[in-house]
1. Which one, LEU5, ALA145, GLY51, is farthest towards the positive end of the dipole of the chain when Lys and Arg carry +1 and Asp and Glu -1 on their Cβ?
2. Running a GNM on the chain with Cα contacts under 10 Å, which residue among GLY196, GLY144, GLY184 ends up with the highest mean-square fluctuation?
3. Using Cα springs under 10 Å in a Gaussian network model of the chain, which residue among VAL82, VAL153, VAL30 shows the largest mean-square fluctuation?
4. Nearest 20 debye, what's the magnitude of the dipole of region 32-160 about its Cα centre given +1 on Lys and Arg Cβ and -1 on Asp and Glu Cβ?
5. Hey, what number do you get for the chain at 222 nm if only DSSP H runs of n ≥ 4 count, each worth -39500 (n - 2.57), divided across all residues, to the nearest 500?
6. How big is the dipole moment of region 62-104 about its Cα centre under a simple scheme where the beta carbon of each Lys and Arg is +1, that of each Asp and Glu is -1, and everything else is neutral? Debye, nearest 20, please.
7. For region 88-209, what are Rg and Dmax over the alpha carbons, in angstrom?
8. What is the distance, in nm, between label points placed 7 Å from the Cα along the Cα-to-Cβ direction at GLU104 and at ASN208?
Amino acid sequence: MAQQLSIGILGAGRVGTAVGRQTVRAGHTVKIATDKPAEEIKLLTEVIVPGAQAVNSSELTGSDIIIVAVPLHKYRSIDTAVLQGHVVIDAMNYWSEVDGVIEEFETASSTSEVIAEHFGDVQLVKTLNHIGYGDLEVDSHPAGAPNRRALAVASDHHEAKQLVAVFIDSLGYDAVDAGQLAAGRAFENGTEIFNGRHTAEQMRVLLNECAKVLVTV
Ligand SMILES: NC(=O)c1ccc[n+]([C@@H]2O[C@H](COP(=O)([O-])OP(=O)(O)OC[C@H]3O[C@@H](n4cnc5c(N)ncnc54)[C@H](OP(=O)(O)O)[C@@H]3O)[C@@H](O)[C@H]2O)c1
């Protein structure tokens with residue numbers, strides 16, 4: 001493996017545990033936390049994400065990357081202190097049928113811009129939101145495999161985006177640079193990219209088409 005990373009995951013639900021398993025498989029170290037004491041997710045973690053360590057959220061500090069996989073309507077309850085100074089992946093989506101109507105997400109260009117502002121001093125990278133938790137382990141392929149699935153990566157922080165691209169590659173996906181964080185709206189709920197299986201080449205075409213639409217409206 002090229003680069004072993006320490007990955008923290010906030011949220012031990014469908015996405016957090018699926019990403020956790022795939023991350024352990026890729027050879028990284030994984031700590032997983034919720035807003036509850038580590039003891040309460042210890043057994044679940046041992047059974048569902050073998051190889052990962054259940055921790056209190058404060059113990060995610062120092063991770064190379066922290067992945068936030070919490071229902072978006074709960075974003076204000078997230079302990080943002082632990083995220084400060086870190087590269088953070090926003091894997092969350094806004095879906096009013098599930099989250100309820102939340103004004104700031106109705107009007108935002110990209111939901112991740114709201115999240116970036118709320119989180120504060122973090123290098124936020126949007127990705128992993130547009131692949132179903134059930135697909136993540138199934139669709140993974142080694143680098144160079146024909147028709148390898150791609151995942152888009154958007155951020156205002158270049159180095160953070162590069163690090164996350166390395167991580168995405170290690171999970172078994174081509175990482176495609178979607179540009180700035182605001183461009184992440186191109187792979188939010190309701191878009192063609194969201195939950196679609198695309199190669200890197202197809203992804204670039206879709207991202208370019210979306211960028212043209214955004215410029216002309
Ligand atoms: N489902 C998918 O296929 C998919 C794919 C990509 C992205 N997403 C997005 O990922 C996010 C999570 O989805 P999910 O399906 O994994 O949700 P989920 O199964 O409901 O799991 C949510 C997890 O977050 C924890 N949590 C809740 N509030 C928290 C807080 N303040 N701090 C830390 N942890 C907290 C929950 O703990 P408790 O159970 O103890 O409350 C639970 O472990 C959503 O925004 C969703 O749109 C979903």
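Computed from the coordinates by the stated procedures, all read-outs in this text should not be read as laboratory data. A quick note: this is a predicted structure, and the numbers were derived from the prediction, not measured. As a convention, Cβ positions derive from the backbone with ideal geometry for all residues, glycine included, and neighbour counts pool all protein chains shown.
1. ALA145
2. Among GLY196, GLY144, GLY184, the largest mean-square fluctuation in the Gaussian network model of the chain belongs to GLY144.
3. Maximum among the listed residues: VAL82.
4. Dipole about the Cα centre, nearest 20: 360 debye.
5. -9500 deg cm²/dmol
6. Dipole magnitude for region 62-104 comes out near 140 debye.
7. In Å, with Rg to one decimal and Dmax whole: 13.9, 43.
8. Once both label points are built, they end up 3.6 nm from each other.
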